[in-house]
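Written below as structure tokens is the structure these notes are about.
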Amino acid sequence: MALLEIRNLVVEFATSRGRFRAVDGVDMTVEQGEILCVVGESGSGKSVSMLAAMGLIPFPGRVTADALSFDGTDLLSLTPRQRRRLVGRDMAMVFQEPMSSLNPCYPIGWQIAEALRAHQAVPRREVRERVIELLRQVGIPAPASRLGAFPHQLSGGMNQRVMIAMAISCNPRLLIADEPTTALDVTIQKQILDLLVELQRERGMALALITHDMGVVAETAHRVQVMYAGQMVEEQATDDLFATPRHPYTAALLDALPERAMGRDRLPTIPGMVPGIEDRPSGCLFSPRCRFAFDRCAREKPRLVAIGEARARCLTPLTASGQPAAPVPV
Amino acid sequence: MSASVSATPGRAGALWRSFAENRGAVIGLGLMIVLVVVAALADVVAPHSPIEQFRENFLTPPFWMAGGERAFLLGTDDVGRDMLSRLIYGARLSLLIGFSVASLALVVGTSLGLLAAFAGGVVDVIIMRVMDVLLVFPSLLLAIVIVAILGPGLFNAMLAVVVVTLPGYTRLSRASALSELARDYVTASRSAGAGAVRLMFETVLPNCLAPLIVQVSLGFAAAILDAAALGFLGLGAQPPTPEWGTMLAGALQYYQRAWWVLTFPGLSILITVLAFNLLGDGLRDALDPKLKR
Amino acid sequence: MLVFLLRRIGLIIPTFIGVTLLSFMLIHLVPGDPIEVRAGEHGIAPERLAELRHQFGLDQPLWKQFVDYEVQLLHGDLGTSVSTHETVWNEFTTLFPATLELGLCAISFAVIVGLPLGVIAATRRGSGFDYGLMGLSVTGASMPIFWWGLMVILVFSVALGWTPVSGRISDLYYIEPWSGFMLIDCWFADDAGACTSAVSHLILPTIVLGTIPLATIARMTRSAMLEVLNEDYIRTARAKGLSVRRVVIVHALRNALIPVVTVIGLSVSALLGGAILTETIFSWPGVGHWLVESIQRRDYPVLQGGTLLVATLVILVNLGVDLTYGFLNPRIRR
């Protein structure tokens, strides 16, 4: 049974210009102990889907889904109090901006201890030891001396480690990391990613890593999901995805990687822009930008179809040769 | 194939839209318009002269009470002057006060602030220090002190209120100008040879306008309140001038016998100040992009 | 932290000197010669005038007079009242506790009522409660205090008879002024009747004086909370599975308090201004009333000394606010 199961998730925001679907019918599963990467451009809805799973969608947003369950428990039917017992303990999340994601008024030791004590009855004397141990596990040198440090006194990388320590403090089964390294220096990025992978392996927890960096995906993920304009457009095992992308968008993303463009004189790009609130096509959302689009694409909304081990949301998913297959019957 | 470009609304249109979303702001604007119209047409609208005393009718109640008369809709004061007429002319006076004080303070304060920002160095320090000193005093107290020096009267009271509200404009324009000065387009303009004064007024000032506009609207409200407070203390407009605060001062002793002499002038002050505060808040919300939902 | 304190104090000194300069100029700008002013309405013969001018150093150049004035201030001499012949300092210290008591009650009222209202409005953003509170706040901030006081007296004292009209305590009681705070003195005098009387005299002035700070605090709290609630660290706190109450009070409020405390501190200046009007209306025997009367009596030494003292008080409070701000916001401590 999947650890996290999401089916037909829709997250809508009421704006002054109408209802905006940040997430438009996403299906997603995370299996126990695996590393899943969710890739997509800004605005693809990758962060919002995970926030919805955690119950963190802010005020004007509405979350609906056919299924949204964690370890068999239906998240949608939980009372807020029951939800809070799961969140932070069995499901934890780490965010993108470490410098602004920690409360500037309290020392980091206090903030980690708060995470511990929110879900576990830890005797006062032990708390300090547990926090020091957590700091050591995330690779912060001289942890005992850092307990009283304030977030603004630490670097971005250190703050991110503190956030990870907070997230793993209650031994979650699933850790969601929303672009944890985007705001950090390149040298630190690798360290944080290595830390996450190592923690995942040691603790056997599932890791859902949201990123827009295909390099990261190649190195860390077991499985990949590609999102576009609020929908999931492809899902495959990592090696297979890089070898045979099934959706034209994925193929275009891979083509745009500098490493793959060797030998060409121009770096391929994807023309056009992600549809916003005003210009959503009535058929396939990617069709205006897709080089394989044909007449049905602009009219019909494609469903997820299975091709081998993969799933793709396309009327003519790509074959192993990179060309579109015969159109899916209407 | 480019994605369709949606028509972006014109800037003025967008401003009006966000302004209009705010119900309070629209109410404020409406009230202000009513007040301006009433004040402008005071000679036509008011049933009587504001200073004419009707010796038969001292302290007549409003028309809906026993003893009231239709001729004097809101009653009369202790020397028989019609309340409604005095209130209407008082509106004209208050709007004039607000306008004069706010514009004078705006001009002087903004010039000082811009001067401080552009000249920098000693000039900047002196100007800001003076403003600091002015800000230390509670505004009413400072106004009282200034009136004590100059002598009571409406003009002096207005001058006092100008001095008291000056630091707000100075600080605001200086801060705006300093942040604009750091921008590239100013350096470009300078290297093209633009002189300091021209730079100040033609290039930098238009970009500082938004917070200043908000400040003016709120300053209008504050000016009317402060002038009324001075009037109430006997230091502002002197009787028989129909200034709302002065009217209240004269009415103190009648608070038990004739509540209308007290209630209506104060209510007028409240409504007018409320209108400008709502307007100022609405402008601030509309002009400040950070607060857009 | 000590360096922070010393630096802040250093910044104040020029402002303080500026304030004394303004105060010094007051006597010299007032129409009439300073000696004639001090002589009051009795008038004075020309030879005596010249003699006194020399005696008081008024024929010295202005800058020297200013220096002498500063020295005089440093010795604690703020002048003498023309009407009561008491020193300004004595009169001030006698009357200040009344204003202080009223001011403290007013600000406490404003904070105790305004802070929670602002927090609730922020958490229920867009609701009827929110709009209602905002409407009331703007109205409260637009009210002329003197009128509001009169209306309140009309309704509660005259029409309903619930509260007295003026003064600090009923004439029936005499309480030994030990601390100057009527509430404390009544407590120590152990007189229940006097205590009730003192409280009932305090209620209306407190509400009237506290209305504008209440409106300001409610609005500031609401907007500060709204901003803070949008911050990333609040999302992190919620992701930890903390209860809504804990997120709002421990995480959000702590950060929102920083601008709110600054506003509270800075509204002391406005409070003193409001006290002038409130004390006049309620015949409250405090500093505000004293200053207003000094103008009507042309008691310029009182106006000069009193204004200087009030300004000094504001400077000290602003310093306190700065220090509290440094304490609350770890980011600027060093």
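Values in this text are rule-based calculations from the coordinates and carry no lab data. Remember, it's a predicted structure, so these values are computed and weren't measured experimentally. Cβ: placed from backbone, ideal geometry, glycine included. Neighbour counts: every protein chain shown.
What is the average number of partner chain Cβ atoms found within 10 Å of a Cβ in B:76-89?
Numbers: counts 0, 0, 0, 0, 0, 0, 0, 0, 0, 0, 0, 0, 0, 0.
Mean shielding by partner chains, rounded to a whole number: 0.
Fewest to most neighbouring Cβ within 10 Å: what's the order for B:Phe54, C:Phe24?
Numbers: B:Phe54 16, C:Phe24 20.
The fewest-first ordering by Cβ neighbours comes to B:Phe54, C:Phe24.
Highest mean first, what order results for B:212-218, A:15-21 on Cβ atoms within 10 Å? Intermediate results must be reported in sequence, preceding the final value.
On the way: B:212-218: 21.0, A:15-21: 12.0.
The most tightly packed comes first, giving B:212-218, A:15-21.
Give me the inter-chain shielding for A:40-50: mean count of other chain Cβ atoms within 10 Å, whole number please. Working shown, then result.
Details: counts 0, 0, 0, 0, 0, 0, 0, 0, 0, 0, 0.
Taking all residues of A:40-50 together, the mean is 0.
Over chain B, what is the relative contact order in percent, taking alpha-carbon pairs closer than 8 angstrom and at least six residues apart? List each step's numbers first, then the result.
On the way: 429 pairs, mean separation 70.2, N = 293.
Normalised by residue count, the contact order of chain B is 24 percent.
Alpha carbons only, please: Rg and Dmax for chain C, in angstrom.
Cα only, chain C: 24.0, 86 Å (Rg, Dmax).
Consider just the alpha-carbon atoms of segment C:181-334 and return their Rg together with their Dmax, both in angstrom.
For segment C:181-334, the Cα-based Rg and Dmax read 20.7, 66 Å.
Could you list log10 I(q)/I(0) for segment C:69-199 at q = 0.13, 0.19, 0.21 Å⁻¹, which the Debye formula gives when each Cα is one point scatterer?
-0.86, -1.17, -1.24
When only alpha-carbon atoms count, how far does chain A stretch along each of its three principal axes, as whole angstroms with the largest first?
Principal-axis extents of the Cα atoms in chain A, largest first: 68, 49, 40 Å.
Can you pull the mean other chain C-beta count within 10 Å for peptide C:146-157? List each step's numbers first, then the result.
Values: counts 12, 14, 2, 1, 9, 7, 0, 3, 5, 1, 0, 2.
Average per residue, whole number: 5.
Taking the convex hull of the alpha carbon atoms in segment B:1-139, what volume per residue do you get, in Å³?
Numbers: hull volume 33.4 nm³, N = 139.
Convex hull of Cα atoms, per residue: 241 Å³.
What is the Cα coordinate range of segment A:104-169 on the first, second and third principal axes, sorted by size from largest, in whole angstrom?
Here the spans come out as 31, 23, 19 Å, largest first.
Take each of the peptides C:199-212, A:108-121, average the number of other beta-carbon atoms within 10 Å over its residues, and list them starting from the highest. Before the final figure, lay out the partial values.
Working: C:199-212: 22.3, A:108-121: 20.0.
Per-residue mean Cβ counts within 10 Å order the peptides as C:199-212, A:108-121.
In 5 Å bins starting at zero, report the fraction of Cα pairs in chain B per bin as a rounded %.
Bins of 5 Å from zero give 1, 5, 10, 13, 14, 13, 12, 10, 8, 5, 4, 3, 2, 1, 0, 0, 0, 0 percent of pairs.
Between helix B:11-21 and chain B, what is the angle of the helix's C-alpha long axis to the longest principal axis, kept within 0 to 90° and rounded to the nearest 10?
That helix lies at roughly 40 degrees to the long axis.
Report relative contact order for chain A in percent, whole number only (criteria: Cα-Cα under 8 Å, sequence separation at least 6).
The value is 19 percent.
When the Kirkwood hydrodynamic radius is evaluated over all pairs of different C-alpha atoms of the protein assembly as shown, what value in angstrom, to one decimal, is obtained? All intermediate terms of the calculation are to be shown ahead of the outcome.
Numbers: mean 1/r = 0.0302 Å⁻¹.
The Cα-based Kirkwood calculation yields 33.1 Å.
Once the Cα atoms of helix C:254-282 and of chain C are each reduced to a long axis, what angle between those two axes, in degrees from 0 to 90 to the nearest 10, is obtained?
Compared with the principal axis, the helix lies near 40 degrees.
At a threshold of 8 angstrom on Cα-Cα distance, excluding pairs fewer than six apart, so keeping six or more, what relative contact order does segment A:104-169 reach in percent?
On the way: 61 pairs, mean separation 33.0, N = 66.
About 50 percent, as a whole number.
In nm, to one decimal, how far is the modelled label at C:Val250 from the one at C:Arg298, with both set 7 Å along Cα→Cβ?
Taking the simple label geometry, C:Val250 and C:Arg298 are separated by 6.7 nm.
How big is segment A:197-330 along each principal axis, measuring the range of its Cα positions in Å and listing the largest first?
Extents along the principal axes: 50, 37, 33 Å.
Grab the other residues whose beta carbon is less than 12 angstrom from that of A:Ser101, score K and R as +1, D and E as -1, and report the net.
Details: positive: C:Arg235, C:Arg238, C:Lys240; negative: A:Glu97, A:Asp178, A:Glu179, C:Glu231, C:Asp232.
Here the charged neighbours net out to -2.
Where does each of C:112-118, C:309-315 land if you order them by average Cβ count within 10 Å, highest first?
Numbers: C:112-118: 19.6, C:309-315: 21.3.
Top to bottom by mean Cβ count within 10 Å: C:309-315, C:112-118.
Measure off 7 Å from each Cα along the Cα-to-Cβ vector at B:Arg55 and A:Asn8, then give the distance between these two points in nanometres to one decimal.
Label at B:Arg55, label at A:Asn8, 9.0 nm between them.
Could you give the nm distance between label points at C:Val263 and B:Leu73, where each point is 7 Å from its Cα heading toward the beta carbon?
Taking the two extended label points, one gets 3.8 nm.
Compute the helix-to-body angle for A:124-137: its Cα long axis versus the longest principal axis of chain A, expressed 0 to 90° and rounded to tens.
50
Rounded to the nearest 500, what is chain C's calculated 222 nm mean residue ellipticity when only DSSP H runs of at least 4 contribute -39500 (n - 2.57) each, over all residues? Let's see the in-between values first.
Numbers: 13 runs with 238 residues, N = 334.
Taking each H run of at least 4 residues, the total per residue is -24000 deg cm²/dmol.
Given H placed on each backbone N at 1.01 Å, which residues far from A:Val233 in sequence or on other chains put an amide H within less than 5 Å of it?
Sorted by chain and number, the residues that satisfy this are A:Val226, A:Met227, A:Tyr228.
Apply the Karplus parameterisation 6.51 cos²θ - 1.76 cosθ + 1.60, with θ equal to phi minus 60°, to every residue of segment C:158-169 and state each ³J(HN,Hα) to the nearest whole Hz, in sequence, with x for glycine and proline.
Coupling constants for segment C:158-169: 7, 6, 9, x, 7, 10, x, 8, 8, x, 9, 7 Hz.
Using a Cα-Cα cut-off of under 20 Å, which aspartates and glutamates could be cross-linked to C:Lys64, ignoring same-chain neighbours fewer than 8 residues away?
C:Asp33, C:Glu51, C:Asp77
Please list, in chain and number order, the residues 5+ apart from A:Leu209 or on another chain whose amide H is under 5 Å from its amide H, with Hs placed from the backbone.
HN-HN under 5 Å from A:Leu209: A:Leu36, A:Cys37, A:Val38, A:Ala177.
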